[in-house]
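Visitor: Handing you this structure, nothing more for now.
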2 protein chains.
Amino acid sequence: MENLRVLVVDDEPNIRDLLSASLRFAGHQVATSPNGTDAITKIVDTQPDIVLLDVMLPDISGFGVTKKIRGMGIDVPILFLTARDDTEDKIAGLTVGGDDYVTKPFSLDEIMARISAIMRRTGKDGSSPSHIQVGELEINEDAHEVTVNGTPVELSPTEYQLLRYLATNPNRVLTKAQILDHVWEYDFNGEMGIVESYVSYLRKKLDPISTEPLIITKRGVGYMIRSPKA
Amino acid sequence: MENLRVLVVDDEPNIRDLLSASLRFAGHQVATSPNGTDAITKIVDTQPDIVLLDVMLPDISGFGVTKKIRGMGIDVPILFLTARDDTEDKIAGLTVGGDDYVTKPFSLDEIMARISAIMRRTGKDGSSPSHIQVGELEINEDAHEVTVNGTPVELSPTEYQLLRYLATNPNRVLTKAQILDHVWEYDFNGEMGIVESYVSYLRKKLDPISTEPLIITKRGVGYMIRSPKA
DNA sequence: GACAACTCTCAGAAAACTTCCAGCTAACAG
DNA sequence: CTGTTAGCTGGAAGTTTTCTGAGAGTTGTC
């Protein structure tokens with residue numbers, strides 16, 4: 001999933017910066033927009049591959065923006081950013097076609113996963129896999145299902161995200177700070193001890209099934225999943 | 001990793017001097033800045049390749065500087081310098097994009113390794129290898145893994161840093177003072193005997209596997225790793 | 001409104017790591 | 001060959017990091 005042209009629309013500069021930095025780092029081209037009218041202009045002008053669109057904007061709502069551009073025949077996929085208490089049905093109605101939504105505050109890994117999913121579904125990109133395999137571990141992104149040696153494992157949402165982040169970076173030590181920044185919501189204010197806790201939960205569920213420990217502790221550095229090949 | 005343009009921002013002149021001297025010695029161009037406002041100006045004016053940014057500055061905090069320049073669309077990678085007890089929770093949120101942090105007091109080798117890692121990840125530089133090889137010894141920087149003749153070796157953080165420092169300077173005698181300055185934190189107050197201890201630890205782990213002694217003692221001078229080629 | 005699942009914090013225990021020390025060994029000079 | 005000195009290494013003390021169980025608080029479900 002390299003080099004998409006992404007438009008980020010949000011009135012909070014922090015969110016815009018957070019998202020643009022991460023997306024640029026992931027290799028995409030990013031443009032930003034602070035409000036609805038500007039967003040419409042930019043969408044029409046630059047025809048981005050995907051739009052991250054805050055629902056609550058100072059002028060025109062994200063829904064309004066969508067209606068407008070759809071009316072112009074532009075069917076760019078949209079990932080809505082909504083507050084947690086915006087009613088679900090309102091959103092559900094709008095996420096037709098390839099669209100999707102995430103609630104604020106989100107985690108970066110969540111956003112990246114959704115973008116991959118959308119691009120996969122709309123067929124504009126085949127390179128990001130819906131199926132991750134590292135050794136005995138398999139993760140089915142579509143079904144949110146995890147198996148070790150073919151045995152299915154039940155994981156909570158946070159456990160799943162943590163495992164996926166580790167599995168998408170095999171043979172690479174990830175620090176607790178990196179893990180926190182990717183897997184937990186951006187406004188999480190707690191300690192890194194929580195990463196240790198969740199690694200512990202994962203090991204308790206995974207290691208009884210696997211033939212060898214999956215998550216390796218690199219003391220003083222972080223955690224890593226080793227792929228047997230390399 | 002030659003000839004980067006680095007901006008060092010710290011209010012302590014000692015730290016500035018320490019870092020500029022080392023970075024210049026490593027072949028980079030260095031500019032320095034004692035506070036946040038000056039830093040912002042210099043970043044905008046000179047567009048450095050990387051910024052070493054103290055979090056605790058007299059005027060604007062390092063976070064404030066970051067926010068400001070990111071808001072201006074400058075996405076230069078930043079390596080934050082933080083006190084160890086501004087602990088971890090404030091640091092969360094920093095490792096997005098290409099950014100990273102080190103805690104004070106740091107070791108010079110640590111700083112150099114982080115800079116290399118950032119430049120590697122942001123793709124602005126391909127010349128600094130994530131994989132060091134000297135004879136039978138291989139060091140994988142991503143996985144923090146060391147192998148001798150393909151056999152993996154478990155090293156503690158200090159052992160790893162010492163070995164890496166030696167391995168990045170093959171065929172060259174490094175004095176204990178140099179080693180102390182590079183591998184240990186800059187405010188380390190102990191004796192050079194500790195270098196001998198750690199060389200001993202490394203030998204105990206490495207020599208049983210290698211076909212010939214890896215670390216050579218140059219009596220009265222220091223230590224060296226010899227590369228078979230040269 | 002009770003139950004179940006999940007998230008997060010905390011604190012004690014266990015393990016790993018760092019440092020210093022002191023006695024020993026190997027190298028070199030004369 | 002012998003004395004001197006630099007370097008080596010095992011051990012012990014002290015510190016830091018990691019692991020994990022228990023519990024409080026939340027959210028969602030029936």
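Rule-based calculations on the coordinates, nothing more; no lab input. Everything numeric here is computed off the predicted structure, so don't read it as measured data. Note that each Cβ is placed from the backbone with ideal geometry, even for glycine, and that neighbours are counted across all protein chains shown.
Visitor: May I ask you to derive the FRET efficiency for residue A:142 and residue B:191 from their Cβ-Cβ distance with R0 = 41 Å, giving the value to the nearest 0.05?
Guide: 0.10
Visitor: Looking at chain B, I'd like the Rg to Rh ratio, where Rg is from alpha-carbon atoms and Rh is Kirkwood's inverse mean 1/r.
Guide: When Rh is taken as the Kirkwood radius, the ratio is 1.00.
Visitor: How big is the charge dipole of the range A:106-158 about its Cα centre, in debye rounded to the nearest 20, if each Lys and Arg gets +1 on its Cβ and each Asp and Glu gets -1 on its Cβ?
Guide: Value, rounded to 20: 320 debye.
Visitor: In addition: From the label point of residue A:14, set 7 Å along Cα to the beta carbon, how far off in nm is each other copy's matching point, shortest first?
Guide: 3.5
Visitor: Residue A:84 to residue A:200: FRET efficiency via 1/(1 + (r/R0)^6), r the Cβ-Cβ distance, R0 41 Å, to the nearest 0.05?
Guide: Efficiency, from the Cβ-Cβ distance: 0.90.
Visitor: Taking the Cα centre as origin and putting +1 on Lys and Arg beta-carbons and -1 on Asp and Glu beta-carbons, what dipole magnitude results for the protein assembly as shown, to the nearest 20 debye?
Guide: Numbers: 48 positive and 68 negative charges, 271 e Å.
Computed about the Cα centre, the dipole is about 1300 debye.
Visitor: So what's the protein assembly as shown giving for Cα Rg divided by 2.2 N^0.38 Å, two decimals?
Guide: 1.07
Visitor: So how far, in whole Å, is the C-alpha centre of the range A:164-230 from the one of the range B:1-76?
Guide: 32
Visitor: If one puts a single equal scatterer on every Cα of the range A:184-230 and applies the Debye formula without solvent, what log₁₀ I(q)/I(0) results at q = 0.16, 0.22, 0.31, 0.33 Å⁻¹?
Guide: For the range A:184-230, the Cα-only Debye profile gives -0.55, -0.89, -1.20, -1.24.
Visitor: Limiting things to C-alpha atoms, what are the Rg and the maximum Cα-Cα separation (Dmax) for the range B:120-181, in angstroms?
Guide: 12.6, 34
Visitor: Sorted from shortest, what are the nm distances separating the label point of residue A:152 from equivalent points in the other copies, each placed 7 Å from Cα along Cα to C-beta?
Guide: Taking the point 7 Å beyond Cα along Cα→Cβ, the inter-copy spacings are 3.1 nm.
Visitor: Averaged across B:95-106, how many Cβ atoms of other chains sit within 10 Å of each residue's Cβ atom?
Guide: 4
Visitor: Also, I was wondering about something else. Would you mind estimating how fast the range B:1-101 diffuses translationally, via Stokes-Einstein at 10 °C and 1.306 mPa s with the Kirkwood radius over Cα pairs, in µm²/s? Walk me through the intermediate numbers first.
Guide: Numbers: Rh = 13.6 Å.
For these conditions, the coefficient is 117 µm²/s.
Visitor: Here is a follow-up. Based on the Cα coordinates of the range B:152-213, what is the per residue volume of their convex hull in Å³?
Guide: Here the figure is 88 Å³ per residue.
Visitor: Could you tell me what % of all Cα pairs in the range B:1-59 have separations over 16 Å?
Guide: On the way: 625 of 1711 pairs.
The share of Cα pairs beyond 16 Å in the range B:1-59 comes to 37 percent.
Visitor: Please report the Cα spread of the range B:68-196 along all three principal axes, rounded to whole Å, starting with the longest.
Guide: Cα spread of the range B:68-196 along its principal axes, largest to smallest: 47, 35, 24 Å.
Visitor: Give me the lysines in straight-line cross-link reach of residue B:104: C-alpha distance below 28 Å, same-chain residues under 8 apart excluded.
Guide: The reachable lysines, counting only those whose Cα sits under 28 Å from residue B:104, are A:176, A:218, B:42, B:67, B:68, B:90, B:124, B:176.
Visitor: How far apart are the residue A:220 label points across copies, placing each 7 Å from Cα toward Cβ, in nm, shortest first?
Guide: Sorted ascending, the copy-to-copy spacings read 3.3 nm.
Visitor: If you put +1 on each Lys and Arg Cβ and -1 on each Asp and Glu Cβ, how big is the dipole of the range B:88-230 around its Cα centre, in Debye rounded to 20?
Guide: Numbers: 16 positive and 21 negative charges, 117 e Å.
Here the size comes out at about 560 debye.
Visitor: Still on this structure: Per-residue mean of other chain beta-carbon atoms within 10 angstrom of the beta-carbon, peptide B:144-150?
Guide: The per-residue average across the peptide is 2.
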